[in-house]
Amino acid sequence: MEVTFKDVSLSYDGSREILHHLNFTIPEGTLVSILGPSGCGKSTTLMMISGLLAPTSGKIFFGDKDVTKQDALARKVGMVFQNYALYPHLTVLENIMFPLKMAKVKKPERKKRALELAKLVHVEDQINKKPGALSGGQQQRVAIARALAKEPSLLLLDEPLSNLDARLRIEMREEIRRIQQETGVTTIFVTHDQDEALHISDHIMVLNNGDMQQFSSAETLYDNPSNLFVAKFIGEPVINTLEISDFQGELDQHVPADILKNAVSVGIRPEALQDHDSGSDTIATIETTVKEFEKYGREKNAQLDFHGKKLLTTEIENNLEKDQKLTLYLQKSGFYLFDQDGKRIFGGDQDAK
Amino acid sequence: MKVKIAMVLRYVILILGGIIMLMPFLWMLSTSLKTQPETVKIPPIWIPKQLQFSNYIDAFKAAPFAQYFLNSVFVTTVTTVGQLFTSILAAFAFSRLNFYGKNIIFVIFLGTMMVPVEMLIIPNFVTLSKLHLVNTYAALIVPWLASFFTVFTLRQNFQSVPDQLYYAAKIDGASDWHYLWHVLVPISKSTITAVTVLQVIGSWNSFMWPLIVTNSENLRTLPVGLQAFTGDAGTNYAQLMAASTFVILPMVILYLFLQKYIIAGISKTGLKG
Ligand SMILES: Nc1ncnc2c1ncn2[C@@H]1O[C@H](COP(=O)(O)OP(=O)(O)OP(=O)(O)O)[C@@H](O)[C@H]1O
Ligand SMILES: [Mg+2]
């Protein structure tokens, strides 16, 4: 089901606004991640979609239908909570059957559907255990099965992987992707882990301080960050950021003067600093001093000093010595200028959203 | 070595405490098997020369104890079930719902916990007599259908249940009512058992109130019925103790079976009964 927010704001206590004028549409059948630092309002957004929380102002649509006034009972979405929230006194099978019981599905049918779901999420051998006797990964899968039981047209997941160890996380995110594709259910996945978001989703919504920063594909977020926050938030290792005043004329010939005049911050991805000229993509050269050089396996990283500021690059071909002078070729893809509000005004594709 | 001494000391203190607690019960048991002269003998004796089991039979004949027993069972059951029902609803409201004046009402109720039960006897009696309920079963039951101690204990427990469980139930299509009875109550089992047992014991042992609000023999509960052994000519201690043993026996059995829940339930809320 398509979900649309029209100018939605929320305040818990009536004085401090947590979410500011959110506008977005989540297309039917896609998997969308909501990504942002802790406390930015991800869970709150999800609670509003589910109907557990009513927006202070604005409207929410499911398809064409205005559901702003409907509560969670009426909206019929499936939801997996951060700590799973399984019913501790019921067995795995009873947990999965619970929403069906509420929907007054007959007992034999209920059981059959629950068993199918247990199979889908690979917990069919655990159905008679209580949640307390399951591992984190199993609990999470039971929670997903329970959320899918009433065949919701919308599945909401609130940081479902945050309690799992690194390996299980990777396994489970593939699992969620598989289940989503098998069932075709529109899924909204909350996370503060960019890696998770980049791997699992069709589209990513980046949220910060209750403001939507950008809503686009993973690739667009990386190649065309709409502002400094997104540029810094997405990418590993983190983008190099400098002040425009750190440059002493290196950019004058290469960036139009009217843009340069408004630029405040500079972002350079570590892979956009090369020690060799690649030709047409080079927009400028800068002179640096090598501070540190590390080499492990095929990877070569260098920490460089540029007019007293630190730069990191991952694109070194030759071995370097400490304190050696080095000319770097700045690549156009991966070089951005931002104005005083943090908006991108140069670099990437200016038309990309 | 130090640890061992501390350990031994701890057990000695616990055992001493246990003996002191048991003393009255042992005395009751011993007295119930004595002859009349033995009960008032000085210095007191612990073990009668000959065990007088006949005291038990005579005690039963002294008053219609079967009727008293049924009264006690009836009053205790209705009081406990009723009180539990009202308390669960109130505890849910205080822990989960938002309504105008919630905190003020809660504080006022909390204040009532400081009023000693004895102080409530007269106002309660006056109220009941105005309602023409004195000397009825209702008099024995109605004033105890709400207990803020139970509400408070349950509320503390309900509040420790994560919000997300409530939200999950909502998402799954459960109403507040269904969530309360099919999720919250089952997972609060140990606390509910604890307050139930405390209430059953309190209700079963209650003496003052039934004594005051009833005077017909057919409404008498067991503790009141024990008066049968105290007459103008003095008290028949042996038979009184035999009957007392019989009165407290069900509670002792109940406690032994459920002590695990009682201790868990009470220690969880940090409250004492
Ligand atoms: N029930 C509440 N009452 C008042 N303020 C709240 C409530 N729940 C959350 N907030 C506030 O709203 C803001 C957003 O919270 P939210 O839980 O949506 O963040 P989040 O992005 O999910 O963070 P996290 O990644 O830590 O889960 C925070 O500043 C938080 O303090
Ligand atoms: Mg959250």
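The values are calculated or read from the model by the stated rules, or taken from the named source; none is laboratory data. These numbers come from a predicted model, not from an experiment. Cβ: placed from backbone, ideal geometry, glycine included. Neighbour counts: every protein chain shown. These area figures cover heavy atoms from the full protein model, side chains too; ligands, DNA and RNA do not enter into them. Shrake-Rupley method; radii C 1.70, N 1.55, O 1.52, S 1.80 Å.
Things to note:
- Some residue of the range B:101-115 being modelled with pLDDT under 90, part of a loop (DSSP other than H, G, I, E, B), out of contact with any helix residue (DSSP H, G or I) (no Cβ under 6 Å at 6 or more places or on another chain) and surrounded by fewer than 19 Cβ atoms within 10 Å (Cβ to Cβ): yes
- Wholly enclosed strands (runs of 3 or more DSSP E) of the range A:270-340 bearing at least 2 residues closer than 21 Å to A:P237 by Cα and not assigned by TED's automatic domain parsing to the domain that holds A:Q248: none
- Residue in the range B:184-199 that is under 28 Å from B:E118 (Cβ atoms) and either in contact with a Pro (Cβ under 7 Å, 6 or more places away or on another chain) or without any contact (Cβ under 8 Å) to a residue 60 or more places away in the chain (or both) present: no
- Selection of the range B:139-167 for residues being among the small types (G, A, S) and open to solvent by 30 Å² or more (accessible area, probe 1.4 Å) yields B:A146, B:S160.
- Within the range A:149-191, the residues that satisfy the criterion of being more than 18 Å from A:L35 (Cβ to Cβ) and either buried (at least 23 other Cβ atoms within 10 Å of the Cβ) or among the β-branched types (V, I, T) (or both) are A:A149, A:I179, A:T183, A:V185.
- Boolean, A:P88 is modelled with pLDDT of 90 or more, surrounded by fewer than 22 Cβ atoms within 10 Å (Cβ to Cβ) and either assigned to a strand (DSSP E or B) or within 16 Å of ligand 2 (Cβ to nearest atom) (or both): no
- Candidates in the range A:120-146 are the residues that are in a helix (DSSP H, G or I) and basic (K, R); of these, the one that is least open to solvent (accessible area, probe 1.4 Å) is A:R146.
- Taken together, the residues in the range A:2-24 that are at negative phi and surrounded by 13 or more Cβ atoms within 10 Å (Cβ to Cβ) amount to 15.
- Selection over the range B:68-99 of residues that are surrounded by fewer than 16 Cβ atoms within 10 Å (Cβ to Cβ) and of a type in the set (S, T, N, Q) gives a count of 3.
- Within the range B:125-146, the set of residues being out of contact with any Leu (no Cβ under 9 Å at 6 or more places or on another chain) and within 19 Å of B:T86 (Cα to Cα) comprises B:I141, B:W144, B:L145, B:A146.
- The range B:168-189: number of residues that are more than 9 Å from every other protein chain (Cβ to nearest Cβ) and open to solvent by 20 Å² or more (accessible area, probe 1.4 Å): 4
- Contacts under 8 angstrom Cβ, first residue in the range A:154-175 being hydroxyl-bearing (S, T, Y), partner at pLDDT 90 or above, 6 or more apart: A:S162/A:T191
- Matching strands (runs of 3 or more DSSP E) fully within the range A:1-83 where at least 3 residues are more than 14 Å from ligand 1 (Cβ to nearest atom): A:3-11, A:17-26, A:57-62
- Test: residue in the range A:101-120 that is facing chain B (nearest Cβ under 10 Å) and on the phi > 0 side of the Ramachandran plot: yes
- Within the range A:30-43, considering residues that are surrounded by 15 or more Cβ atoms within 10 Å (Cβ to Cβ) and small (G, A, S), the one farthest from A:V206 (Cα to Cα): A:S43
- Sole exception among (1) at pLDDT 90 or above; (2) more than 14 Å from chain A (Cβ to nearest Cβ) for B:L226, by number: (1)
- Options A:A263, A:A197: the member that is buried (at least 19 other Cβ atoms within 10 Å of the Cβ) and within 25 Å of A:K309 (Cβ to Cβ): A:A263
- Unique match (being more than 14 Å from chain A (Cβ to nearest Cβ) and part of a helix (DSSP H, G or I)) among B:L120, B:L133: B:L120
- Filtered residue count, the range A:19-60, keeping only those that are within 14 Å of chain B (Cβ to nearest Cβ) and within 16 Å of ligand 2 (Cβ to nearest atom): 9
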